[in-house]
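Written below as structure tokens is the structure these notes are about.
Readers should treat all values here as calculations from the given coordinates under stated rules, not as data from a laboratory. Nothing here was measured: the structure is a model prediction, and the numbers come from that model. Virtual Cβ from ideal backbone geometry, glycine too; neighbours counted across all protein chains shown.
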Amino acid sequence: MSFKKGLRIILERISGSEKGKKSFKELGVDTGSIMSYSLGIGTGLDALAGLNLAGIAASRGFASLVNLATGGAYGKYTNWVFKKTTKFRHSPVLREVLRDTLKDGADFLSYLVCSPGREYHQQIVDHLVDTRKAQDKLVDLFVFNTFQVPIYGAAVAVGSLIQHGYVDLEKALTGAKNLATISPFIGPTMNGYMSKARELFRLKSAAEKAQEEYQVKQGGREDE
């Protein structure tokens, strides 16, 4: 049996199962969501990195090809990291550290804008921490910085090659640094966008999949 024929048989068996169908569906949804999100955000970042129109077009073209190849892998990586960080996200110590940190930040912002809604802001913080949404955003941030930032740096490098005829490492590093700097906004929103896309196609988010597996291991019990 040839390698090509053997691979086709394996793929047919995988795609024929319910789990395999969901996996392929998730792969496609994740790839589409990452490509569409990156196209919009990346164009603005390319301009900030100093690329001209030709450079931006080259950078976005390269990034789109990379996202086409890695978008599904990013979704799988997100699933894996959420699974491996389940105990960390459920940690009472992390919960209270986050609560105190976010409340201090909310107090500071309230002071800066002279907002009287301190109690309301702290209620929001309690909700985010107690529902583990804040903990999930920390994981989103880690996933994004360890996967997307290096890829974006490579995209800017290709853009600079088209623009200048050589790879401008300074521009590539500037682009990666710019993305890492705004990653507290971009990372969670990108993963949130991907999760909403999954929800639209009746698929579970990485956090939901990890939570279900955790509850099975805990015998269906929720943390207090």
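Below 11 angstrom from the Cβ of G153, what's the summed charge of the other residues (Lys, Arg +1; Asp, Glu -1)?
Computed value for this residue: +2.
Give, as a single signed number, the net charge of other residues whose beta carbon lies under 10 Å from the beta carbon of G50, with Lys and Arg counted +1 and Asp and Glu -1.
Net of charged neighbours comes to -2.
Which ordering of S36, S64 is given by a fewest-first count of other beta-carbon atoms within 10 Å?
Ranked by crowding around the Cβ, least crowded first: S36, S64.
Rg and Dmax of region 161-224, using alpha carbons, in Å: what are they?
Answer for region 161-224, Rg first and Dmax second: 19.5, 60 Å.
How much length is gained on full extension from E212 to T146, taking 0.36 nm per residue of separation minus their Cα-Cα distance?
Fully extending the segment from E212 to T146 adds 21.3 nm.
For the cross-link pairs K22/K103; K171/K196; K103/K171; K21/K137, which exceed 31 Å when the distance is taken from alpha carbon to alpha carbon?
Too far apart for the 31 Å limit: K22/K103; K171/K196; K103/K171.
What Rg and what Dmax come out for region 53-109 when only alpha-carbon atoms are used, in angstroms?
For region 53-109, the Cα radius of gyration and maximum Cα-Cα distance read 19.0, 50 Å.
Can you tell me which of 170-179, 153-162, 93-102 comes out highest on packing, and rank the rest after it, using the mean Cβ neighbours within 10 Å?
Final packing ranking: 153-162, 170-179, 93-102.
Rank these for me by crowding, F88, F147, going from fewest to most other beta carbons within 10 Å.
F88, F147
Report the net charge of residues surrounding L179, where surrounding means a beta-carbon distance below 13 angstrom and charges are Lys +1, Arg +1, Asp -1, Glu -1.
Neighbour charge sum, excluding L179 itself: +1.
Between M35 and Y166, what is the FRET efficiency for a Förster distance of 41 Å, r being their Cβ-Cβ separation, to the nearest 0.05?
Computed FRET efficiency for M35 and Y166: 0.90.
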